[in-house]
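Beneath this line is the structure, given in structure tokens, with notes to follow.
The values are calculated or read from the model by the stated rules, or taken from the named source; none is laboratory data. Keep in mind that what you see is a predicted model, and the values were worked out from it rather than measured. Cβ: placed from backbone, ideal geometry, glycine included. Neighbour counts: every protein chain shown.
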Amino acid sequence: MNRAYSLLTIKSVDAERRVIKGIATTPTPDQAGDIVEPLGVSFTNPLPLLFHHNPKAPIGLAVFDTPTPDGITFTATIPVVTEPGVLKDRTDEAWQSIKYGVLKGASIGFADVKGHTKKLATGGLHFLKSIVMELSLVAIPANQEATLAVVKSLDLAATGPDTPGATGPLPTVRAVKAALPMTIQEQITQFENTRAAKVARMNELMTKAAETGSTLDAAQTEEYDTLSGEAKSVDAHLVRLHDSEKLNVVKATPITSTTSTVTASELRGGSVPVIQVKSPLPKGTAFARMCIAIARGKGDSYQTLQIAKEWQDSTPEVEPMIQHMWHTKAAVAAGTTTDSTWAGPLVVTQPLNEFLELLRPRTLLGQIPGLRHVPFNISVPSQTSGGTYGWVGQGLAKPVTKAAYATVTLPFAKAAGIIVLTEELVRLSTPSAEGLVREEMIAGMAKFLDEQFVDPTVAVSANVSPASITNGGSTAAASGVTSAAAKLDLAASVAVFTAANIPLAGSVWLMSDSNAFGIAMSVNALGQPQFPGMSIAGGSIFGIPVIVSNNVGNRIILLHAPSVLFADDGGVQIDVSREASVQMDSAPDSPGTATTVLVSLWQNNLVGLRAERMITWKLARTAGVRYITAAAYVGT
């Protein structure tokens with residue numbers, strides 16, 4: 001059984017019932033580099049709550065909440081055992097360990113689902129699907145994302161104050177935090193949270209009484225009066241804390257002006273601060289500089305790192321990225337122009353994530369919400385037809401219902417392109433050269449992926465590339481160019497979806513900016529917008545979102561996004577070569593022939609950058625797309 005850890009984030013504690021609410025796991029890698037995907041976790045409530053993963057030492061029960069992308073919260077209960085014995089000792093020890101901050105870790109015991117675990121580049125494992133069997137409280141967590149948060153309500157001091165009545169003395173209320181001495185502001189926050197918990201419990205008691213139409217019984221009255229007295233005590237103490245805070249502000253010593261970071265820190269009575277300055281350069285510059293450094297270095301690791309150091313002030317992340325590449329990649333053989341695989345002369349690296357951050361918004365795939373993201377080579381069930389249902393009279397036979405299902409698998413597919421630059425451009429390394437490299441790689445890859453995604457002529461090529469989402473889909477030509485024609489054509493597409501029982505929820509329109517402009521210009525007889533939610537940048541047509549891209553061409557596509565299965569490994573590989581021979585053609589011969597013209601990069605003083613991305617898609621339901629051809633609406 002596997003284990004995953006996180007710091008125990010205690011969100012609230014009910015001292016009377018020993019109820020703890022916190023976070024069981026998050027998608028943050030632990031110190032071993034492993035990730036447990038929260039949305040892939042399955043479990044059966046309630047789960048056993050163990051002490052240090054000891055199956056012979058249960059201390060209570062835990063109930064997991066619905067998983068979210070940010071993690072899974074839980075509510076755990078440690079029973080109050082009154083009978084002397086081992087169980088009482090164990091549960092009391094666990095509760096005291098939590099109460100006084102000795103136990104700070106939460107850990108899940110889980111089993112991975114075979115075939116749903118992916119190896120990460122860091123060496124860790126990404127558990128896409130798992131089954132959680134238990135939750136444990138531990139002393140040494142591996143996941144360092146969370147910090148010990150607020151303890152909203154703890155029991156009174158160990159000796160226990162006298163229970164006050166309505167007119168009795170106010171009790172001593174403690175807001176406990178397992179950390180260094182708190183600042184006044186932290187104390188204010190703690191006591192405000194403590195008061196909120198008490199008021200919430202008071203309201204709960206009164207609400208229950210109102211529901212039953214009765215007064216509070218003796219125990220409830222005593223609890224209510226105790227909470228009321230504690231709340232008043234907290235209110236009085238909060239007034240004192242706020243007064244103390246104001247006095248501290250008045251007594252604060254002005255900071256003497258200085259240009260020395262050390263002197264400034266000493267004046268403030270603290271350590272030298274660590275200041276991080278975010279680069280003002282355009283996003284993607286670090287990625288372009290990394291490619292340029294690799295190209296200029298000509299395979300020499302020392303030279304490449306020296307070039308990266310030139311940008312230390314503005315893009316310091318380039319140097320460690322290249323260092324990681326040279327330290328983790330094996331040496332490669334010298335390349336030749338006759339190397340059919342081109343593997344020899346290439347130096348491979350994984351680029352900075354900012355490349356994908358820039359690429360995704362440029363592509364339709366990055367803009368369409370609701371696509372079903374699935375792993376490569378995994379069978380996904382898809383319903384192709386519904387069952388048979390009908391009214392049945394008394395004593396009559398019921399119709400046998402049967403839904404039809406099929407499985408869909410997304411194989412690996414790779415998109416790639418080569419950009420050829422001159423040595424002079426690479427050596428210049430000016431902002432204009434960096435921008436050229438960045439924009440060309442992003443624009444080229446985005447344009448290619450968009451066209452492959454929507455062009456109806458793109459059919460599937462086994463083990464090479466996927467078919468477009470429109471290939472084989474329902475289609476019709478535009479009935480005209482006027483606003484009336486646009487309204488008629490769009491309504492016809494919606495009618496096709498309705499007839500096929502495809503929901504409009506989750507559907508989107510894809511169109512060029514010229515068609516978006518024409519539709520946005522459409523007005524009715526009163527001069528009012530025919531489609532009020534539209535603009536040249538998109539918007540919506542009667543509630544259905546519109547995504548604009550010129551790569552759609554003269555087509556207008558209605559797509560049910562959840563019907564599209566989409567797989568992406570989340571990275572782009574960059575290869576650099578000076579020795580390869582390249583066919584300078586956007587549609588190269590494959591394989592080459594006797595008439596294929598190859599250009600030697602070495603002979604012509606050129607550098608080739610090759611970008612590759614593992615990505616594919618598939619329309620799981622053929623009825624999930626409908627497109628209009630020859631659309632050129634002008635809005636009249």
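Below, the figures for the structure above:
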{"item": "In segment 293-336, residue modelled with the highest pLDDT [restricted to those that are among the small types (Gly, Ala, Ser) and part of a loop (DSSP other than H, G, I, E, B)]", "result": "314"}
{"item": "Looking only at segment 288-322, and only at residues there that are among the small types (Gly, Ala, Ser) and either surrounded by 16 or more Cβ atoms within 10 Å (Cβ to Cβ) or in contact with a strand residue (DSSP E or B) (Cβ under 8 Å, 6 or more places away or on another chain) (or both), the one that is nearest to residue 609 (Cα to Cα)", "result": "295"}
{"item": "Any hit, segment 593-606, residues being among the β-branched types (Val, Ile, Thr) and not in a loop (DSSP other than H, G, I, E, B)", "result": "yes"}
{"item": "Only listed residue being farther than 29 Å from residue 446 by Cα and among the aliphatic types (A, V, I, L, M), chosen from 537, 505, 495, 478", "result": "495"}
{"item": "Test result for residue 600, over 29 Å from residue 502 (Cα atoms), within 38 Å of the chain's Cα centre (by Cα) and of a type in the set (Ser, Thr, Tyr)", "result": "no"}
{"item": "In segment 604-623, the residues that are touching a Leu at 6+ places or on another chain (Cβ under 7 Å) and not aliphatic (A, V, I, L, M)", "result": "608, 616, 617, 618"}
{"item": "Qualifying positions in segment 440-470 - within 13 Å of residue 615 (Cα to Cα) and assigned to a helix (DSSP H, G or I)", "result": "445, 446, 448, 449, 450, 452, 453"}
{"item": "Output for segment 50-82, where each listed residue is touching a Pro at 6+ places or on another chain (Cβ under 7 Å) and polar (S, T, N, Q)", "result": "68"}
{"item": "Inter-residue pairs, beta-carbon under 6 Å, first closer than 20 Å to residue 103 by Cβ and in segment 33-51, second small (Gly, Ala, Ser), 6+ apart", "result": "47/62; 49/60; 49/62; 49/76; 50/136; 51/57; 51/94"}
{"item": "Residue within segment 510-520 that is assigned to a strand (DSSP E or B), in contact (Cβ under 8 Å) with a residue 24 or more places away in the chain and surrounded by 16 or more Cβ atoms within 10 Å (Cβ to Cβ) present", "result": "yes"}
{"item": "Members of segment 105-149 found to be at pLDDT 80 or above and part of a loop (DSSP other than H, G, I, E, B), listed by number", "result": "113, 114, 115, 116, 128, 129"}
{"item": "Residue within segment 607-620 that is loosely packed, with under 14 Cβ neighbours inside 10 Å and either of a type outside the set (D, E, K, R) or over 29 Å from the mean Cα position of the chain (by Cα) (or both) present", "result": "no"}
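Condition check ((1) at negative phi; (2) modelled with pLDDT under 85; (3) buried (at least 18 other Cβ atoms within 10 Å of the Cβ)) across all residues:
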position: 17; (1), (2), (3): yes, yes, no
position: 22; (1), (2), (3): yes, yes, yes
position: 26; (1), (2), (3): yes, yes, yes
position: 53; (1), (2), (3): no, yes, no
position: 68; (1), (2), (3): yes, no, no
position: 83; (1), (2), (3): yes, no, no
